[in-house]
Every structure is written in structure tokens, then in C-alpha cells.
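K.L.:
Okay, here's the structure, questions in a sec.
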Amino acid sequence: MNFVLKIWRQEGTGSGGAFSHYEVRDVEPTVSFLEMLDTLNEELTESGQEPVAFDSDCREGICGMCSLVINGQPHGPIPGTTTCQLYMRHFSDGEEITIEPWRSSAFPVLRDLVVDRSAFDRVMQAGGYVTVHSGPKPEPNSIPIEPEVAEEALDAACCIGCGACVAACPNGAAMLYTSAKVSHLALLPQGQPERYARVTAMVEQMEEEGFGSCRNYAECEAACPKEISIKFIGRMNRDYLRAALREPINPRGKMESQ
Amino acid sequence: MDLDARIPSAPIEFMWDTHKEHLRLVGPRNRPKYRILVVGSGLAGASAAASMAAMGYRVDCFCFQDSPRRAHSIAAQGGINAAKDYRNDGDSIYRLFYDTQKGGDYRSREANVWRLAELSTAIIDQAVAQGVPFAREYGGLLANRSFGGVLVERTFYCRGETGQQLLLGACSALAEQIHAGSVTMHTRSEMLDVVVIDGRARGIVVRDLLTGKLSSHAADAVVLATGGYSNVYYLSTNAKGCNVTATWRAHKRGAGFANPCFNQIHPTCIPVAGEHQSKLTLMSESLRNDGRIWVPRQASESRSVDEIPESDRYYYLEERYPRFGNLVPRDVASRNAKEVCDQGLGVGSSGLGVYLDFRDAISEYGHDAIGARYENLFEMYERITGESPWNAPMRIYPAPHYTMGGLWVDYDLMTTVPGLFAIGEANFSDHGANRLGASSMMQCLADGYFIVPLTIGDYLSRHPSGDVTTDHAAFSDSETEVRDRTERLLSIQGTQTVESLHRELGRLMWQDCGIARNADGLSRALDEIPKLRERFWNELRIVGSGETLNQSLEHAGRLADFLEFAELMCRDALVRDESCGCHFREEHQTSEGETLRNDRDFSHVSVWEHRGMDHDPKLHREALTFEALPLAQRNYKT
Amino acid sequence: MSRLLSLYRSTLGKKAIVAVTGVAMLVFLVLHVIGNLKAFLPDPQLGVPDIDVYSRYLRSMGTPLLPHGAALWAIRIVMLVALALHVVCVVKLARINHAARPIRYHRRRFVEATTAARSMLVTGAILLAFLGFHLLQFTTGTIDSERFVEGAVYANLYRAFHEVSIFAIGYVLAMGILATHVYHGAWSLFQSLGYDRPDRNPGLRAFALLLALGLFVTFSSVPVAFFSGKMPVPPDSKRVAAVKGGG
């Protein structure tokens, strides 16, 4: 198979970028999209041109490092798939393929197709945890959890943090990511004590990072390689509004003097 | 080289408790005075960094990925063992110890293995408290399944994403500490040297992968949690970025490297499809619970799968190992797959593959029951190969997966360099010559949550805090070395890409130091590797500079270390003139083709001391003793 | 109050405000259209259209407890505030959204997003402009003031839609835009307020669709009916004026 690649090249954050065109020839349909780019990079290197920088690590669809907007869709055209598990057999011979980085002001481009997703980490750091330190813990079977609840929590927790939801959202919102993280713990008994403080803190951090707002397009759900449902966004909205309107403000304020 | 493992003198059941009672402590007020560097943010690194920071130490954590959560622990699929005995099937600490020791073919240290089994239950408690959504029974209690070569159901799991959930749990604890300011996280940062001053590890030199800037970090102790080195084979189930660099550089600074030839080849991976393949994908071993492995009996088989009658299907594991059948340990399954493929019975276009067939399981348990167990794995297989396991058997082949070898550590998980600790896959300690399924995460988390946070205090309490800064000449010397090396890599300007050279090394290692090894092959590899290394340093081509994100340069630095390390690995494989666990020397096998150990001469850990690339490394031995569990020949047949 | 302010500061809070004000306006629209449909009812007394009676009722609503017209003004104020909040929040959110993606994609393929969802800002802006026009035409009578007689609702409708075809066509088009806006808005507000659930969503979707279609059909029926010429000629202006004087 032969392809024409139209790839976004950019020296670094802040410097302007532009598309470059490359031709790749004799690509096997069994080759993955990233392996096709690997081959391109080898050819570029051999001819003395700088290879295209793109993120990837596990190459089995779980680390969330790979990105790429391929022909206008984050992670390409196949639903429920990361770029690293996208194969060239999904494209038609001779096709022009446009490859762009995630576009979001919260994810500045670092080089070519590589973006900085540390905003996601800061959202997690704001409250995406149960405050529990290492050491002896209660016997886990002392708190039974309905399997349906555990499964739903896992549906949310299986988010790989790739950022495709942000890339896909016409508003550049991080609602699917944040809501998945919030809902994972909000569903489980372990997450209850900090439930409302958590949602408030994480939403505030999300907004501070400069993500857009949700307009219920559901593009995020369609782009999510783990097919996480937008139902979690409604869930988070509910928790957030409840925290804002009903729960005590700064419940820990009085505890700090202890 | 001092190989005193400092094993406490107490009966094995009380060893860890006794040891904890006698460890020296650092008081809560003094802990913030000590700085600890944790390199790596996988299960071991994240759990250790979070635990130590929560205790009050000042921790800096480093990872080369863009987020700690991306470390390759995330990809562990199957599950995590714990001796909870929830299934009332006779499990106990002893039995988990027994299975691990036996699975490791009696090449691990009893004291460490016992402690691992003992701590296994606390890990589950810890993870559940963090909100890890383990699978549950209808009644809301934790579910278990059996896993790879054991006779009890003790494996806890979250669908096929157990590693992801455990890592997210550990990383959430890490996130809390980052937020609290007690951990400083350095992402896209690669450790390129350990700085040793007066015989103690006092810091590291790190390259910022975005700017190429080198920075020195001084500390009171350094913890390496940098994973394994399966990528020495180029194709493996590891992430593209996994590398030996941190442990190798530590080795060059004096840390003994133990059992480098012990590496596990995982039996259930998707076979190689073509030349440009960049990685091998693991299919969870749990598939072997219901799938039947077979190849056609005839090498010349030309019929399609459906047309091959039952009598012409060779269920080689079931026939050879009636008791364990398809659930034999990983090394046995891998070696048998290679053997039948070597006999020309392999399937698929390359002939390097065997069938893993769910036809019988589907007809016995029904589509829904099998779907509930394996749906996501079936989808994954179909996504990659374009073929559906519902219609045709999967094709699988072994692939390098996990390395039992690593930096030598004592009972406190400290390497031969005082103040330098190694945890998780980066050390050698618990899995002997072969790792039992669902125990890698157990070891990482035992090390990170429960062991190193305590033992490091004992070390720190013996030394004043913060008495070295990066002004020390050793740091600038080390930075200069690292800088020179990077510049040298950039200045070669040859013709070969780093990928092509890495592929060459991989082929060579797979051929001569792979599933089965022999003296001739290993000697040949020992001749070839230095030649390849020389070609690397003469023919490599890297385009771009060292002052920006340059992924070829990163890869080249890692390959340079693999090219040195590969030689040690082959040397170790050659010197270990016995078969044990995953290390199968063709010269040493039973009449039935099983591994044949030589306990008289090889009941030891081989620990290598680096003496410069111009000299051969020196071999030291830590003798292994077997008191809790007497030596026995592994037998999975009856 | 401080809670509401802090809610207003967050995007989730703004979305909630957009949703609540959206609900208020939807309720208003439903009441409004019920009033409109009175144009089709027979005159309760000779020469006095039912819709004119209703119009008078609106002004006298709440009397004698409240002064004449007070209740109507209260509703107007509430609706204006709701509209203002709705618009202000949407504009603020649009700015945030715009800033969140400073560089657009060169190539973009949407999978799930409906045209209705993607055009909310445009339809909203058109509706705002339409609303202004509508008020100037039928409340203040500024547009086409020669034909307009205050209080003669039926006559005003007749003259506008029967005699000026562009008004009828324009109003039907505007109601199409309204339906598009409501189709996404009436579904999305449940999510913004956190009432959506997978098991409820098909029902919520159907509700939004029915509401949008219902509003379109009922609102459009009035201009279409007048335009078609099937509606009776209004009573003459003098009598209308007399009725007005009596009110």
C-alpha cells in the first residue's frame, strides 16, 4: 500500500508549525499506524532529515501515551482503538492521510506531534485520590461492594488519560476525563468521605488549566479508546452542583487547628 | 564485592517481623531532613515514592514518560496473587511461598520469597482502601481466579486491566503526595548516571528529554525502580521505552548485577506479523484456563482449521503434562511451543505460532460464559490481527516478557552500593529462574509499599542527612561523562538507524540467548555482540540536535547500554551450565526434554562485578540455602 | 448568595445557569404558544376575538391584589433576567471554549455531534435577534407602526401575516431555528443539571424531540393559517379601538 502523509511539523512550543508532505511506499496492511511512522522516520533519518516526533510507549493500547489526530479524528477512524493499535489495513491504498497533534491550549505542542498533557496530572493531584497512606488496612471483605457498582467504577477507572476526549471535543473540554476520574471514586464506598471535596477541587483545577466547557456533543465518547460513557459527565455535574449548593463549604477548615 | 544478604536469624515465619523490630528508625521530625530519589514511577517506584513521602521524607521521583501513570506496569493484565484463601481451597502463606519458590526452580532466596508471600495479603487490603475496583462476587466480596500453573484460586483481578488499576491506585497515592508538596515529580526525565561518593550512592544525573539539559540531584539515598530489560530482544511485550540504562549505569558504578540470563518468555503472545513490527502484544495468560493449545500432527498439513479432525490435532501440552495440561508454567509452555514449531508443526504464515482454541470451551460453557471471561481479550486479538477468536482459533507464540535477573540486593533491597536500593523488576530477588504468573505486581508493591520504606530508614539512620550537595566534584564529573557520551552519539554520523541496529541485536539475542540456549550459540553471540557494538559506534546515524526532544538520541543511548549489557547476559547464560526455570541449556535436559538442574554446582546467585569494558566482569556467587523448602526436581507431569 | 456567585464563576455552574434559565424560557414558550392558539378559537362575543380577551387577561392578571399589569411585568422581568443570564453565560462559555482551542484542526470529522448541537451559538444568536424583532413588532408596535393597534392582537396578527408574506415566512423560519435550538438544549440541560442517566436518555431524547417539534408546529400554525387566507377578517379598527377603550 502507498500513502501520502500530511504531517504537522513544529520545532517547539511557541514556534509556528506547518504541514509537510511525505510519501510512504510498499506498506504492509499488517503494519500498525505507528510502525508505518517508524518506517517513515527511518527513511527520513537515512536521508538526513529530522524524524517526526510522536509519543508512544506501550504500543498495546493501555499506557495512553500515543495521540495523533488522524484525518480529523483523534486516534483515527476505528472506534475504541488507540493510534498504536490502528492498522494500515483500515486505510485505503493511495489515500492522503492528515496527521495533526492534539489541539488544545491546555496541551501545548512540544514538538511536531508531541503535546504536554501534564494538565491531566494536575487535575488528578488536585483530588483524584483517596487519602490513605501505606500500612495495615481493614480487611477488604468487611466492606462488600455490589459487583455492578465495582464494574461501573471500573468502566470509569479504565480511562488511560490519553486526552483524546479533549482533542475530539469541539470546545476542547476535559469533562470526560475529569468525570471518569471523579466517578470512579464517587461510586465506591472508599471514595465517599472525600466525595464532594474531591469533585470541587478537581473541577476547579480542570477549569484553571484552560479546558473548555461541555456542550454535550458526545464527541469525546466517540473518540475515547476505552469507550467511556458520557453518563459520567452528568454524574459529575450532579455531584458538583450538590457540593456547590448543599454540602458544607470548606468542611475541613475547622479541622486544621487540631 | 560484599554479598552478605543480611538475612535475619530467625525462623522463616518470623523473619520479617523480627527484622522490622530491629530496624533502626528515623523519627518523624528528622525524616524531612532526608532526601530520597526514586527513579521510575511504575508499581514499585510510585508506591515507594508515595509511601516514603507520606512518612515525611522529601522525595523526588523521575520518569521518562510524560506522566508517572504511563509506566509499563500499566500493561500488566492478568492479576495479582495473595494468600488470602478466600476460596477455602487450602491456600496459605506457605503455599504461595512454595509455588513461587518451585516456580522459580529453586534459584531465589527463601527469605525474600517468604516475605513476599507474607506481604501479599496486605497489598490487596492497601489497594482496596485506595479504591482499586477489583472484581467482586454477587455477594459483594472479592472474586478470585486461578492463574498460570498453580492449584489454588488466589488471583485478584480487574478484568484484563489489573496492572492499570493497581498502578492508578499507586499513582493516586503519589498524586496526593505531589499535591502535598512532599514529592517533586520530574517527568520526561531520564536518569543517565548514579553518583557515588565515598562508596555511597549520593545522587543521580538526569537528562531532560525536552531540552537535553543535564541536571544533578543530590540525596541521601537513591531507589531504582526502573523495570526490566526484555527490550534487549528488540521485540518484547515491554513498552518501547523500557530499557536497562538505569540499572546498567548503576552496575557500572559498582552495583552487582545478578542472574542477568534469567528472563521469562511469555507463552501467549500474538505472533510476529512482519519485518517492521515494533512490539509483541501479550494476551493474558488467563486464556490458557479455557483455551486448548494445539498444532496439526502433520508438518505438511494443508487443510483449513475446521477440516482438521480431532485425531489430527496435537494437543501437545495436554498429552505431555496430563495433570496441568494447558496450565503448565510459562517456561514449559514457551519451550514446548518452540519445540513443536521447530519440528515444522507451527501455524500461520511464518510457521512461528500455535493454536489457542476456544471451540470446545464455547460449546461446553456457552458463548455468553466465555464472552464474560474473555470478551475484551478476544476484541483485542481481533483488533490487532483482524481475525475473530469466535470463528477461528487464536494463534500465539512466545515472546520475551519479564526479566527475573536484575541488580543484586540484600534482604533490605539495597544493592552492593550502600544507599542505592533496587525494587520491583529492577532487582533480582524473588522470582529465581522463572516468575510465577500474577506475582510481578505483588513483588513491586510489596517492595514499594511495605519493604523499602522501612529498610531505607535503617540505612538513613546510620548517616547524617544532607551532607552532600551537587557542588561536589563527582556530580560535575558525571555530568561531563554523560555529556561527552551524548555528543559522541550525535557525532558518529554514519548510515544506520538506531532501529535497524536494535533489530539486529534483538535477532541475535533471540537466536542465541532466547528460549533455548547452548554453549556454541552463546559463544557465537559473545563474539558477535562486540562487533555489533563497534558497528553501532561507527555506523549509527542520528539526525537532529541534543538540545531538543530527540527520540532517536534517547533510543540510541538506551541501545548503547543494551549492547554492553547483552554481552553480560550471554556470559551469564554461558557460565550457568545447567538448565533451570526459563534458562534452558540444551546440553542439560532430561530424557523427556525437561530442564535438568545442577543443584550441586549452581545453587547460587551469579553476581557480576563490572571492571570496565576493557576487562571481563568478575563473577561472585551468593550461595542459596533451602531450609524451609527442600530442593526437589520440578515436575508438572504428574 | 456566595454559593451562587462561586457557582457562576465555574463553567459547570454557568452551564447549570444556562440550563435553569433555559427551562424557564421553555416553560414561557409553552405558555406563550397556548395563548397563540387562542387565535383559532371562535369569538366569545361578536367582534371581540378570543385572543384579545386573553391579552386583556394577561394585563389584569393578579388584580385586584396587584396593580393592573404588575403580574405581567413581573413575568417580563423574570424572563428578561433569565434571558440575560442565559446569554451572558453562553457568551462567557463561548469565550472560554474559543480560548481552549486557539489553533483549529486542519481537517475535522465529527462522529456524534449533531448539527443542532454544533450550531447552538448561531441558532441562539438568530433567536436573540428574532426576539428583538418580535418584541418591536408585536409588543411595542415600533415596526410597521401604521398597521399596529395596541391590544388588537388578532387584528395585528392578521395584518402582519396575511398582508405581508415576508413576515409569515420569516416567522416560520425562525420557529425552525427555535426548534433546532430546543432540540439540543432541552436534552442537554438534563446533563448540565446531572439528571441524565443511560436508562433515561432515550426518554429524554424523545422528550426534547417532541418538545422541539411541538413548539415548531404550534408556533408556526398561526402565521401559516393567517398567510393561507383561511382565517376570518378581523373586526374593523373602530370597534377594536372601542374594545380597547373599554379595557
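K.L.:
Once amide H atoms are placed 1.01 Å from N in the peptide plane, what residues at a sequence separation of 5 or more from B:T281, or on another chain, have their amide H within under 5 Å of its amide H?
P.N.:
Amide H neighbours of B:T281, under 5 Å, 5+ apart: B:I270.
K.L.:
To make sure I understand the rule: partners must be lysines, Cα under 30 Å from the Cα of B:K20, and not fewer than 8 residues away in the same chain. Which ones qualify?
P.N.:
A:K137, B:K33, B:K84, B:K102
K.L.:
Going by the alpha-carbon gyration tensor, a ≥ b ≥ c the square roots of its eigenvalues, is segment B:384-532 rounded (a/c under 1.5) or, if a/c is not under 1.5, prolate (a/b greater than b/c) versus oblate?
P.N.:
Values: a/c = 2.13, a/b = 1.27, b/c = 1.68.
Oblate, since a/c reaches 1.5 and b/c is not below a/b.
K.L.:
Moving on. I want to verify the translational diffusion coefficient of segment C:63-211 in µm²/s; compute it with Stokes-Einstein, Rh as the Kirkwood radius over Cα pairs, at 20 °C and 1.002 mPa s.
P.N.:
Numbers: Rh = 18.6 Å.
Here the translational diffusion coefficient equals 115 µm²/s.
K.L.:
Quick check: at a probe of 1.4 Å, how many percent of the accessible area of segment B:292-425 sits on carbon and sulfur atoms?
P.N.:
Values: 2260 of 4900 Å².
Carbon-and-sulfur percentage of accessible area, whole number: 46.
K.L.:
Mind checking the angle between helix A:175-187 and chain A's longest principal axis? C-alpha axes, 0 to 90 degrees, to the nearest 10.
P.N.:
40 degrees
K.L.:
Sorted by accessible area (1.4 Å probe), largest first, how do B:W114, A:W102 line up?
P.N.:
If we order B:W114, A:W102 from most to least accessible, we get B:W114, A:W102.
K.L.:
Please give the residues from segment C:96-126 for which the solvent-accessible area of heavy atoms, probe 1.4 Å, is smaller by at least 50 Å² with all protein chains in place than with the chain isolated.
P.N.:
C:N97, C:A100, C:R101, C:I103, C:Y105, C:H106, C:R107, C:R108, C:R109, C:E112
K.L.:
Helix B:110-130 against the longest principal axis of chain B: what's the angle in degrees, Cα atoms only, rounded to the nearest 10?
P.N.:
90 degrees
K.L.:
Something else: Distance between Cα centroids, segment A:213-242 to segment A:62-121: provide it in whole Å.
P.N.:
Each part's Cα centre sits 20 Å from the other's.
K.L.:
In deg cm²/dmol, rounded to 500, what helix-only [θ] at 222 nm does chain A give when every DSSP H run of at least 4 residues adds -39500 (n - 2.57) and the total is split over its residues? Mind dumping the intermediate values first?
P.N.:
Numbers: 8 runs with 85 residues, N = 258.
My calculation for chain A gives -10000 deg cm²/dmol from helical runs alone.
K.L.:
As a test of the formula, what do you get for chain B when each DSSP H run with n ≥ 4 contributes -39,500 (n - 2.57) and the sum is divided by the residue count, at 222 nm and rounded to the nearest 500 deg cm²/dmol? Intermediate results must be reported in sequence, preceding the final value.
P.N.:
Values: 17 runs with 224 residues, N = 638.
For chain B, the value works out to -11000 deg cm²/dmol.
K.L.:
Moving on. Tally Lys/Arg at +1 and Asp/Glu at -1 over every other residue whose Cβ is under 12 Å from the Cβ of B:A225; what's the total? List each step's numbers first, then the result.
P.N.:
Numbers: positive: none; negative: B:E425, B:D447.
So the surrounding residues net to -2.
K.L.:
Further, regarding this structure: With a ≥ b ≥ c the root eigenvalues of the C-alpha gyration tensor of segment B:267-400, is it rounded (a/c under 1.5), prolate (a/b larger than b/c) or oblate?
P.N.:
Working: a/c = 1.25, a/b = 1.05, b/c = 1.18.
Verdict is rounded for segment B:267-400.
K.L.:
With a 10 Å radius around each residue's Cβ, average the other Cβ atoms per peptide and rank B:30-40, B:341-351, highest first.
P.N.:
On the way: B:30-40: 23.5, B:341-351: 16.4.
By packing density, highest mean first, the sequence is B:30-40, B:341-351.
K.L.:
Also, quick follow-up: Build a GNM of chain C with springs between Cα atoms under 10 Å: which of C:E163, C:E146, C:E112 gets the top mean-square fluctuation?
P.N.:
Looking only at C:E163, C:E146, C:E112, the largest GNM fluctuation is found for C:E112.
K.L.:
Excluding residues fewer than 8 places away in the same chain, name every one of the lysines whose C-alpha is closer than 25 Å to that of C:K230.
P.N.:
C:K38, C:K238
K.L.:
In Å and whole numbers, how far do the C-alpha atoms of segment B:492-598 stretch along each principal axis, longest first?
P.N.:
57, 23, 17
K.L.:
How many angstrom lie between the Cα centre of segment B:22-75 and the Cα centre of segment B:222-291?
P.N.:
Using only Cα atoms, the two centres lie 23 Å from each other.
K.L.:
Counting only DSSP beta bridges with both residues in the protein assembly as shown, what percent are antiparallel, rounded to the nearest 5? Walk me through the numbers on the way to the answer.
P.N.:
Working: 60 of 85 bridges.
Of the beta bridges lying entirely in the protein assembly as shown, close to 70 percent run antiparallel.
K.L.:
With the other protein chains left in place, how much accessible area per residue, in square angstrom, belongs to chain B at a 1.4 angstrom probe? It would help to have the intermediate numbers written out before the result.
P.N.:
On the way: 20730 Å² over 638 residues.
Here the per-residue accessible area is 32 Å².
K.L.:
In whole angstrom, note down how far apart the Cα centers of segment B:417-478 and segment A:147-199 are.
P.N.:
33 Å
K.L.:
Within 10 Å of each Cβ in A:83-90, how many Cβ atoms from other chains are there, averaged over the peptide? Mind showing how you got there, number by number?
P.N.:
Working: counts 0, 4, 4, 1, 5, 0, 1, 1.
Mean inter-chain Cβ contacts per residue within 10 Å come to 2.
K.L.:
Please report the net charge: other residues with Cβ closer than 11 Å to the Cβ of A:H184, K and R +1, D and E -1.
P.N.:
Values: positive: A:K181, A:R198, A:R235; negative: A:E152, A:D155.
With Lys, Arg at +1 and Asp, Glu at -1, the neighbours total +1.
K.L.:
Right, here's the next one. Summarise the partner chain shielding of B:366-373 as one whole number: the mean count of Cβ atoms from other chains within 10 Å of each residue's Cβ.
P.N.:
On the way: counts 0, 0, 0, 0, 0, 0, 0, 0.
Whole-number average of other-chain Cβ neighbours for B:366-373 is 0.
K.L.:
Give the shape of segment C:1-121 as rounded, prolate or oblate, defined through the alpha-carbon gyration tensor: a ≥ b ≥ c are the square roots of its eigenvalues, a/c under 1.5 means rounded, and otherwise the shape is prolate if a/b is larger than b/c and oblate if not. Kindly include the intermediate steps, with their values, before the conclusion.
P.N.:
Working: a/c = 4.45, a/b = 1.88, b/c = 2.36.
Cα axes put segment C:1-121 in the oblate bin.
K.L.:
Okay, next question. Residues with beta-carbon under 11 Å from that of A:S32, excluding A:S32: net charge, scoring Lys, Arg +1 and Asp, Glu -1? Please report the intermediate quantities before stating the final value.
P.N.:
Values: positive: A:R59, A:R89, B:K279, B:R383; negative: A:E28, A:E35, A:D38, A:E60.
With Lys, Arg at +1 and Asp, Glu at -1, the neighbours total 0.
K.L.:
Something else now. Can you give me the long-range amide H partners of B:V38? Hydrogens built in the peptide plane at 1.01 Å from N, cutoff under 5 Å, separation of 5 or more residues or another chain.
P.N.:
Amide H to amide H, under 5 Å and 5 or more residues apart or across chains, B:V38 pairs with B:D60, B:C61, B:F62, B:V223.
K.L.:
Now, a different point. Report, in degrees rounded to the nearest 10, the 0 to 90 angle that the Cα long axis of helix A:231-245 makes with the longest principal axis of chain A.
P.N.:
With both axes taken from Cα atoms, the answer is about 40 degrees.
K.L.:
At a Cα cut-off below 26 Å, give the lysines reachable from B:K279, other chains included and same-chain residues fewer than 8 away excluded.
P.N.:
Hits, sequence-local ones excluded: A:K6, A:K226, B:K240, B:K338, B:K531.
K.L.:
Hey, could you pull the Cα Rg and Dmax for the protein assembly as shown, both in Å?
P.N.:
For the protein assembly as shown, the Cα-based Rg and Dmax read 34.4, 123 Å.
The values are calculated or read from the model by the stated rules, or taken from the named source; none is laboratory data. Bear in mind that the values here come from a model prediction, so they are computed numbers and not experimental data. Every residue, glycine as well, gets a Cβ built from its backbone with ideal geometry; the counts of neighbours run over all protein chains shown. Side chains included, ligands, DNA and RNA excluded: accessible areas come from the protein's heavy atoms. Shrake-Rupley method; radii C 1.70, N 1.55, O 1.52, S 1.80 Å.
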